[in-house]
Amino acid sequence: MQNSRPQFVLKFLPSMADFAFLMPILFLFCRMEGMKTLFSDCDAGWHIRTGEWILANHRVPTTDIFSYSKPDGAWYAWEWLSDVIWALLRAHGGLAAVGLVALTMICFTYVLLYKLVLRRSNAIVAVLLTLTAAVSSSVHWLARPHLFTLVFVVLYYHALERVREGRTSWRGIPYLAMLPAATILWTNLHGGFFVGIIMIGAYGAGELLKAVLTPNSDERGPALHRAGAYIATSLACLAASLVNPYTYKLHKHVVEYLLDPYQSQHIVEFLSVNFHHPLAIFFEAMLLISTIAAVRYAGKGEYIQPLLIAMWAHAALLSIRNVPIFMLIAAPPAAADVQLWLARLPETNIAAWLRRAAAKFNSVAADLTETDAVGRYHLVSIAAILFVAALVTAPHPPASFRPEFSPKTFPVKAAATLAADPTAHIFTSDQWGDYLIFSLYPRTRVFTDGRSDYYGAEFGQKYLDVLNVNVGWEKTLARFGVDTVLISPSSPLCGALKESPHWRVVYDDGVAVVFRPAGKAAAKPVSVANGGGETRDREITKTQASDLRIATNKTKT
């Protein structure tokens, strides 16, 4: 009776899992721009419009519905189910609902990761490694379908680790039998479904390597059996992924898209990690610890973890879009290695005060882990998400809680003026093209938008040539009948158009400048920039030639 009351009280207190849930919320609203961060990439706009189209037409699109430059071309809405979910959320709760669900998915991902890491270490190490993974991955906290892939990666990891540990089923259902069924859902939510197939294959390859390299013949047979089960499951998941509206054509399209060198040269999230970024230190720390862990595992004759770490470390170094996946994959083995170091430290031949400190830390961590194992009601996590929901849906929320595409970043006011001419052929950046789809579709079509897989490398290069005022830019505008240019005042194109006798400024609000051909432009331009002056000095708005990657890149799906 004396023990039952304290445990009952503990159920109402926050746990380390609650802290893992709260970490993204605290980081998002205290260190980032809150809800505006989730909508800092406007791809959510065209995903919402695609979902609305699907709901209205009761089928998935097979040809383009958004552009005037490549109308009716073959298009794969490869995240169609996410698009429908996003559209339904907006229909019933506006962008607030979309943002809240996206935030909850991020929080849920790192709670799941914490639970997975906790199985390899004490609670303090687990929460620190989870924090490291979360902060390093925050560059990809966007209200986009890729959040489903992050959730599925951790769910698959949980299932595969349980199988590896010998717990092969949940409530009588084999974990490996669940994965092909889950793959069908994952495939229709996001194109990252292949990550799960590769993960399962890595478990099979690791067991196969163990069978080949182990000196103990008694271990060879069981390892081959496990390898066969994993490989069969991976193949079953691959077959299950064909259950989508585009069947095998989706796989062909995804592979071609990922192997297209244009993406790795011009799209920000396909570029390599910028190690000068303040958050890079967290990635570097995980990379170092997990590499040491991989070597230790390989030395023990365990090859699953080294394979997973090597594959996703390589992928993360190649492309920043893979950093969140690497951090999720690397955290559990890295935590296990840190836990091993901490356990050995009190017996190591180092300064006595360090040995005492390590022993004390291990004792405190063990007590905290035991206390944290008591089941909780997670009232703090529930209260936190309800508090955010209340602020986000308030009539006049604080700036960081406003679920919107920021008017300081996107042409919100300019788009409202362009709505008066739905037949205009507007040229703008791909990010702003996304916003025009969200704000003006279906009356207005766009030149280009965030679907770089649809437009392709040849068209993409023509777009970049215009944006950066390369040779032939005027011919490209004429070829596509562009009669309106919506552009940032810092763009090279803005300066070139101001110098051109063929174009005139018709609108300028400091965020966006609208140009029309000289013959069609109004006599007096509309300007609301910097105190309401009619125009701004050309030397202020004209930009110098800049590095192509800095000037033209954007985050993509």
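Residues checked against (1) out of contact with any helix residue (DSSP H, G or I) (no Cβ under 8 Å at 6 or more places or on another chain); (2) of a type in the set (Asp, Glu); (3) closer than 24 Å to SER15 by Cα:
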residue: ASP83; (1), (2), (3): no, yes, no
residue: CYS107; (1), (2), (3): no, no, yes
residue: LEU129; (1), (2), (3): no, no, yes
residue: THR132; (1), (2), (3): no, no, yes
residue: PRO145; (1), (2), (3): no, no, no
residue: VAL151; (1), (2), (3): no, no, yes
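Does ALA223 satisfy the condition of being small (Gly, Ala, Ser) and free of Cβ contacts under 8 Å to residues at least 24 places away in the same chain? Yes; evaluated as a whole, the condition is true for this residue. With respect to the conditions (1) more than 17 Å from THR448 (Cα to Cα); (2) touching a Leu at 6+ places or on another chain (Cβ under 8 Å), VAL471 lacks only one, and its number is (2).
Those residues that are outside any helix (DSSP H, G or I) and of a type in the set (A, V, I, L, M), I need them from segment 327-355; list them, please. If the condition is that a residue be outside any helix (DSSP H, G or I) and of a type in the set (A, V, I, L, M), then ILE350, ALA351 are the ones that fit. Restricting ASP449, ASP434 to residues that are part of a loop (DSSP other than H, G, I, E, B), out of contact with any Pro (no Cβ under 6 Å at 6 or more places or on another chain) and of a type outside the set (Ser, Thr, Tyr) narrows the list to ASP449. Do we have any residue at all in segment 287-297 that's more than 17 Å from PHE194 (Cβ to Cβ), touching a Ser or Thr at 6+ places or on another chain (Cβ under 7 Å) and without any contact (Cβ under 8 Å) to a residue 60 or more places away in the chain? There is no residue in segment 287-297 that is more than 17 Å from PHE194 (Cβ to Cβ), touching a Ser or Thr at 6+ places or on another chain (Cβ under 7 Å) and without any contact (Cβ under 8 Å) to a residue 60 or more places away in the chain. In this entry, VAL482 passes the filter for residues that are touching a strand residue (DSSP E or B) at 6+ places or on another chain (Cβ under 8 Å) and outside the structural domain of PHE66 (by TED's automatic domain parsing).
Look at segment 170-184: where a residue is free of Cβ contacts under 8 Å to residues at least 24 places away in the same chain and a partner is surrounded by 12 or more Cβ atoms within 10 Å (Cβ to Cβ), sitting 6+ places away or on another chain with Cβ atoms under 7 Å, you get PRO174/THR168; TYR175/ALA159; TYR175/ARG162; TYR175/VAL163; TYR175/THR168; TYR175/SER169; MET178/ALA159. The single condition among (1) of a type in the set (A, V, I, L, M, F, W, C); (2) more than 24 Å from the chain's Cα centre (by Cα); (3) at pLDDT 95 or above; (4) surrounded by 16 or more Cβ atoms within 10 Å (Cβ to Cβ) that ALA365 does not satisfy is (3). Within segment 290-297, not a single residue is under 23 Å from the mean Cα position of the chain (by Cα), in a helix (DSSP H, G or I), within 30 Å of PHE401 (Cβ to Cβ) and hydroxyl-bearing (Ser, Thr, Tyr). In the set HIS253, HIS276, which member is modelled with pLDDT under 95, assigned by TED's automatic domain parsing to the domain that holds PRO332 and not in a loop (DSSP other than H, G, I, E, B)? Exactly one of HIS253, HIS276 is modelled with pLDDT under 95, assigned by TED's automatic domain parsing to the domain that holds PRO332 and not in a loop (DSSP other than H, G, I, E, B), namely HIS253. Can you run down the residue pairs with Cβ atoms below 7 Å, 6 or more apart or on separate chains, where the first is in segment 330-349 and among the β-branched types (Val, Ile, Thr) and the partner is not in a helix (DSSP H, G or I)? Here the result reads VAL338/SER121, each pair linking segment 330-349 to a residue that is not in a helix (DSSP H, G or I). Restricting to segment 418-435, what's the tally of residues that are in contact with a strand residue (DSSP E or B) (Cβ under 6 Å, 6 or more places away or on another chain) and of a type in the set (Val, Ile, Thr)? Total meeting the criteria: 2.
Rundown of residues vs (1) charged (D, E, K, R); (2) in the same structural domain as GLU458 (by TED's automatic domain parsing), yes/no style:
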{"site": "ASP372", "(1), (2)": "yes, no"}
{"site": "ARG376", "(1), (2)": "yes, no"}
{"site": "HIS396", "(1), (2)": "no, no"}
{"site": "SER400", "(1), (2)": "no, no"}
{"site": "PHE405", "(1), (2)": "no, no"}
{"site": "ILE426", "(1), (2)": "no, yes"}
{"site": "SER429", "(1), (2)": "no, yes"}
{"site": "ASP434", "(1), (2)": "yes, yes"}
{"site": "SER439", "(1), (2)": "no, yes"}
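Close contacts from segment 94-116, counting a first residue that is closer than 14 Å to ALA17 by Cα and a second that is of a type in the set (Phe, Trp, Tyr) and part of a helix (DSSP H, G or I), with Cβ to Cβ under 7 Å and a gap of 6+ residues or different chains, come to CYS107/PHE21; VAL111/PHE21; LEU116/TYR157. Screening the candidates PHE29, PHE39, PHE21 for the property of being out of contact with any His (no Cβ under 8 Å at 6 or more places or on another chain) and closer than 27 Å to ALA331 by Cα yields one hit, PHE29.
The values are calculated or read from the model by the stated rules, or taken from the named source; none is laboratory data. All values derive from a computational prediction rather than experimental measurement. Every residue, glycine as well, gets a Cβ built from its backbone with ideal geometry; the counts of neighbours run over all protein chains shown.
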